[in-house]
Each structure stands twice: as C-alpha cells, then as structure tokens.
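Participant: Before anything else, here's the structure in question.
The values are calculated or read from the model by the stated rules, or taken from the named source; none is laboratory data. Owing to the predicted nature of the structure, the values given are computational and were not obtained by experimental measurement. Glycine also receives a Cβ, built like all others from the backbone with ideal geometry; neighbour counts cover every protein chain displayed.
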Amino acid sequence: MRFRKITAALFCTLALVVGLGGVPVTAQEMTYEEYKIKLAEYEGRTAEARRALAACKEAGDKLRAEIGALEGDMASVNKEIYELLGTDQGSIDSFLAELDRIEARLMGLLNLSEEALFEKRDEIDSIEERVAQIKEDNRALLPDAANKLANIDQLLERVKARMPRKRIKQYTVMRGDNLWNIAKKPSIYSDPYLWPRIYVENKGKIKNPDLIYPNWSLNVPFGVDLNQHLVVTGQSLSSIAGAVYKDPTKWHRLLKANQSQILDANLIFPAQVLDVPAN
C-alpha cells in the first residue's frame, strides 16, 4: 500500500511538471534512472515485507497448533482430575462462585461498626460453619479453591478479631413483662430458659426474679468474654468440652475451673457463664 501511494505521488508530480510548462519543482531533480532505482528499492522492501509476513503467518500457525495441542492436553488432565474428584466443570464453577460470595460478604462485614458487627454474630457463626463444611469437599483441593479458602480464613480472623466479646443492651420493661418472656423475645435470646442471665446481670435492681416493674431499664448481656462459654439448654460439661476442646473427655477441666458455681458435674443450667481454660 505504501509503495502504491509513493508511486502515485511520483506520477502526480511528473504530471504537474508537464502541465505547468516546466515550472521548477523538487520532483524535476529526479531522473528516470533514479526513479527506476527508487522504484526497485520499494519493490525490494515490499517483497521483503511479504516474506516477513509469510514467516509471521507460518509462526502464528505453528503457535496456534501448539496452543491447540496444549489445550487438548489440559482438557485431558482436567477430565482425569474431575473423575478423581467426582465432579465436573459446572460443579466446580458453582463451588468457586459460592466462595466468591462468602469472600465478598466477609469484606462487607469488615466495613461494619463494632455494634452492627455484633448484631451479625449468628451470621458470622453460620459462615464459619459453612466454610468448615466446604473444606471437607474434594473440590476444595483445587488450586483456585485453595487460594480462595486461604483468603477467606484470613478475612474470618479479621472479622472475629473486631467482634466485641460482650455487649450490654438496654431493655425497658413494659407492662405484663417478666424475665421469662423477655428472654424469649427474638430481639433478646429467643430462649426463655436464659432468663437467669438477665437476673444475674441486674441483681442490684432485681431483688425477686418474679417481680420486675414497668419502665425499669434492665441490662441485657450478649456474648461472653474471651475464654468463657454461655451454657444453653440441653448442654452438658462433656458436650461443651467437645465443642471448645474437640474432646468430650476433657469435661473435668471445665469442672475444676468452675467449682464455685458447679456443685454437681451432672447439673449445669442455661445462662451459666463458665470459664474455659486454654487447651
């Protein structure tokens, strides 16, 4: 294309020279022999460019063939991996998408205030439980999944590090309230058997747990301090040891650390806050 433009320009210049009756212009200085030499030079460059283009095309075709072979090998390897893991590409894509959603949610939780974050403690527990389940899945062995899970673990640790261990919420007693009904409210514990926790927190005001009065402002504790455990309905020392130590037989450690409030190892009650010695 460049050669054609140059050739056309030379012809246009010669035409102007003839048409203007010999008006002196730069193109008049080029003789016919010089023009032939210049034309041969451009033709040589064009031929060289065409050879280079052909070589590039040949190299490109070879590279595409090599890429195609590699893609075939990768597809074969992936097929073997999928068979070993008992999965397929669609299932893996879905698995990775779930990890992306968990990662995004944890990043969102990190941006919450401590107070707002405390209200999300159940969600955080659910996320942690789900991540533990995901790690048992064979698909978690895939490099992409392993990298995402490593980042999720870091985000979880950061979220938990910002989580307040214990928080007090104010509750104004209404007509007809009692500690049982207050503890039962979804905005409180959703468990009426945890009413003693409110009673213990407000012993300075509540002399008789059966008698509370409208407009009283009660402290309602949520969460527990580090190395403590809140007993809920149905728990025993062995089940708590199984949860905190991953070993139910270590229940005697809990008994020894809480002798002042546990008179019988078989009798613990909802709302008790037990000290949990480090494992």
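Participant: Surrounded by 17 or more Cβ atoms within 10 Å (Cβ to Cβ) and either among the polar types (S, T, N, Q) or touching a residue at least 40 places away in the same chain (Cβ under 8 Å) (or both) - does that describe any residue in segment 121-128? Break it down into steps so the answer makes sense when it comes.
Facilitator: Of segment 121-128, the ones surrounded by 17 or more Cβ atoms within 10 Å (Cβ to Cβ) are 124, 127.
With either among the polar types (S, T, N, Q) or touching a residue at least 40 places away in the same chain (Cβ under 8 Å) (or both) added as a condition, the list becomes none.
No: zero hits.
Participant: Checking Ile188 against (1) more than 18 Å from Arg121 (Cβ to Cβ); (2) surrounded by 11 or more Cβ atoms within 10 Å (Cβ to Cβ); (3) among the aliphatic types (A, V, I, L, M): exactly one of these is not met. Which one?
Facilitator: (1)
Participant: So Asp144 fits all but one of (1) assigned by TED's automatic domain parsing to the domain that holds Phe269; (2) touching a residue at least 24 places away in the same chain (Cβ under 8 Å); (3) not hydrophobic (A, V, I, L, M, F, W, C); what number is the exception?
Facilitator: In the conditions (1) assigned by TED's automatic domain parsing to the domain that holds Phe269; (2) touching a residue at least 24 places away in the same chain (Cβ under 8 Å); (3) not hydrophobic (A, V, I, L, M, F, W, C), Asp144 misses (1) alone.
Participant: Checking Arg175 against (1) among the basic types (Lys, Arg); (2) closer than 30 Å to Asn219 by Cβ; (3) surrounded by 11 or more Cβ atoms within 10 Å (Cβ to Cβ): exactly one of these is not met. Which one?
Facilitator: Condition (3) is where Arg175 drops out.
Participant: May I pose another question? Going through segment 65-108 one residue at a time, which ones are in a loop (DSSP other than H, G, I, E, B) and either exposed (fewer than 10 other Cβ atoms within 10 Å of the Cβ) or touching a strand residue (DSSP E or B) at 6+ places or on another chain (Cβ under 7 Å) (or both)?
Facilitator: Listed by number, the list holds a single entry, Gly86.
Participant: Looking only at segment 103-118, how many residues end up being farther than 27 Å from Tyr189 by Cβ and in contact with a helix residue (DSSP H, G or I) (Cβ under 9 Å, 6 or more places away or on another chain)? Explain how you work it out, then say what you get.
Facilitator: First, pick out the residues of segment 103-118 that are farther than 27 Å from Tyr189 by Cβ: 103-104, 107, 111.
Going one step further and asking which of them are in contact with a helix residue (DSSP H, G or I) (Cβ under 9 Å, 6 or more places away or on another chain), we end up with 103, 107.
Qualifying residue count, segment 103-118: 2.
Participant: So, restricting to strands (runs of 3 or more DSSP E) that lie completely within segment 200-279, which ones have at least 3 residues that are crowded, with 17+ Cβ neighbours inside 10 Å?
Facilitator: Counting at least 3 such residues, we get 217-223.
Participant: So is Lys246 under 18 Å from Arg121 (Cβ atoms), within 32 Å of the chain's Cα centre (by Cα) and of a type in the set (Lys, Arg) or not?
Facilitator: It is false that Lys246 is under 18 Å from Arg121 (Cβ atoms), within 32 Å of the chain's Cα centre (by Cα) and of a type in the set (Lys, Arg).
Participant: If I ask for residues that are in a helix (DSSP H, G or I) and in contact with a helix residue (DSSP H, G or I) (Cβ under 9 Å, 6 or more places away or on another chain), which ones from segment 119-140 would you list?
Facilitator: Glu123, Ile124, Ile127, Glu128, Arg130, Val131, Ile134, Lys135, Asn138, Arg139, Ala140
Participant: Give the residues of segment 202-252 that are without any contact (Cβ under 8 Å) to a residue 24 or more places away in the chain and acidic (Asp, Glu), sorted by residue number.
Facilitator: Within segment 202-252, just Asp247 meets the criteria.
Participant: Follow-up. Just the residues that are over 14 Å from the mean Cα position of the chain (by Cα) and among the aliphatic types (A, V, I, L, M), please, taken from segment 81-120.
Facilitator: Passing the criteria: Ile81, Leu84, Leu85, Ile92, Leu112, Ala116, Leu117.
Participant: Any idea which of (1) of a type in the set (A, V, I, L, M); (2) at pLDDT 90 or above; (3) touching a strand residue (DSSP E or B) at 6+ places or on another chain (Cβ under 6 Å) is the one Leu156 doesn't satisfy?
Facilitator: Failing condition for Leu156: (3).
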